Amino acid sequence: MKYNLENIYDSKIPKCLNDFLNYLNTIRGKSKNTIAGYKIDLSMFFRFLKLYRGIVPEDCDFQDIFIGDINNEFVKSISLSDLFAFISFAENYRNNGTYARARKVASLKSFFKYLYGKAKIINENPALELESPKIDKRNPVYLSLEESRDLLKSIDGKYKERDYCMITLFLNCGMRLSELCGIDISKIKDDTLTVIGKGNKERTIYLNKACLKSLNEYLLTRNSEYNKIVDKDALFLSKNHTRINKRSVELILKKYLKKAGLDVKKYTPHKLRHTAATLMYKYGNVDIRSLQKILGHESVSTTQIYTHVDDEKLREAVKSNPLSDEI
């Protein structure tokens, strides 16, 4: 098999960045999406530095700034003030919000930690004192139980069984979009399926009655055209009989949201993940630690956003106070 060198080396970015991305891939086992995010953030950082230091004209096209010639001496000259300047630039560039800036801070801290501790390219780590912008906690956006039922009822058409199964898995299991698209039939065993989650980590998802029923009904239609299937092990297939991609799933969901009279702009596959988590926590008496495992969160603090559904319980608790009627 011919090995594609483009997978491990990109001449358009600095060698140290190439080495870092390869380290994330081979040693840390990070996912393709995570590595792509690091590459975007750090490429933007190096382009900014060239502009900031006057190495390229101010009126040049930012995306066309070549950074493949940046060497270790240039990297050694980077200071904490350069990092602050970049974060300030990122705030205004394409209106980067708090989350986007926080991701860039994380990318910089991880990169310079590697340069200092692993690659030994720098003698001091300028990112040690770099702080992440404060992110205000927001309650997750989710469908109500009735809205979830309306969404499922709206599903019809030629690919009804496939689409119903996909949305059922979203609403019942709380899986990520990438996890759903990556499901292999060989990874389904009885009432469980194994997926590759965030950080390239494998996790087990348990299937309830609704999931198993929709899965079995979909498999009957899927396997009726088995000879046409290109990706034999892929569970969800496109009209071309290849593994379905994330964009197709997003468009399919938009179609049914619109049909169900729900806000197309407000709800995404990730919001269906929020919905599943909220419904489990609200109606299933699932404790926060169990929910953490179901969703595949590394930290329980990430899962705690779903405790917002306790608001009604808190309201009822206050109303039940025996002094409540003392007016």
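The values are calculated or read from the model by the stated rules, or taken from the named source; none is laboratory data. From a predicted model like this one, the values you see are computed outputs, not experimental measurements. Neighbour counts run over all protein chains shown; Cβ positions are idealised from the backbone, glycine included.
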- [ ] Given the conditions (1) free of Cβ contacts under 8 Å to residues at least 12 places away in the same chain; (2) part of a loop (DSSP other than H, G, I, E, B), report the number of the one that I70 does not fulfil.
- [x] (1)
Open item on the list: Yes or no: the stretch 46-53 includes at least one residue that is assigned to a loop (DSSP other than H, G, I, E, B) and more than 27 Å from the chain's Cα centre (by Cα).
Closed with: yes
Open item on the list: Tell me whether the stretch 171-191 contains one or more residues that are crowded, with 16+ Cβ neighbours inside 10 Å and more than 30 Å from A36 (Cβ to Cβ).
Closed with: no
Task: Residue satisfying all of: in the stretch 73-96; in a loop (DSSP other than H, G, I, E, B) and surrounded by 13 or more Cβ atoms within 10 Å (Cβ to Cβ); modelled with the highest pLDDT among these - done: I78
Open item on the list: Being charged (D, E, K, R), buried (at least 17 other Cβ atoms within 10 Å of the Cβ) and modelled with pLDDT under 95 is true for just one of K30, K12. Which residue is that?
Closed with: K30
- [ ] State all residues of the stretch 229-288 that are farther than 22 Å from I205 by Cβ, more than 23 Å from the chain's Cα centre (by Cα) and among the basic types (K, R); if no residue qualifies, say none.
- [x] K239, K258, K259
Open item on the list: Restricting to the stretch 216-247, name every residue that is in a helix (DSSP H, G or I) and over 26 Å from K30 (Cβ atoms).
Closed with: N216, E217, Y218, L219, L220, T221, R222, N223, Y226, N227, K228
Open item on the list: under 20 Å from G174 (Cα atoms) and either touching a Gly at 6+ places or on another chain (Cβ under 8 Å) or not aromatic (F, W, Y) (or both): is that true of K246 in this structure?
Closed with: yes
Task: Some residue of the stretch 52-62 being among the aromatic types (F, W, Y) and touching an Asp or Glu at 6+ places or on another chain (Cβ under 8 Å) - done: yes
Task: Residue ranges of helices (runs of 4 or more DSSP H) in the stretch 124-215 with at least 3 members modelled with pLDDT of 95 or more and more than 30 Å from L83 (Cβ to Cβ) - done: 145-153, 160-173
- [ ] May I ask you to say which residue of Y218, Y226, Y164 is free of Cβ contacts under 8 Å to residues at least 24 places away in the same chain and more than 18 Å from the chain's Cα centre (by Cα)?
- [x] Y226
- [ ] Could you check, for the stretch 200-208, whether at least one of its residues is β-branched (V, I, T), crowded, with 19+ Cβ neighbours inside 10 Å and more than 18 Å from L253 (Cβ to Cβ)?
- [x] yes
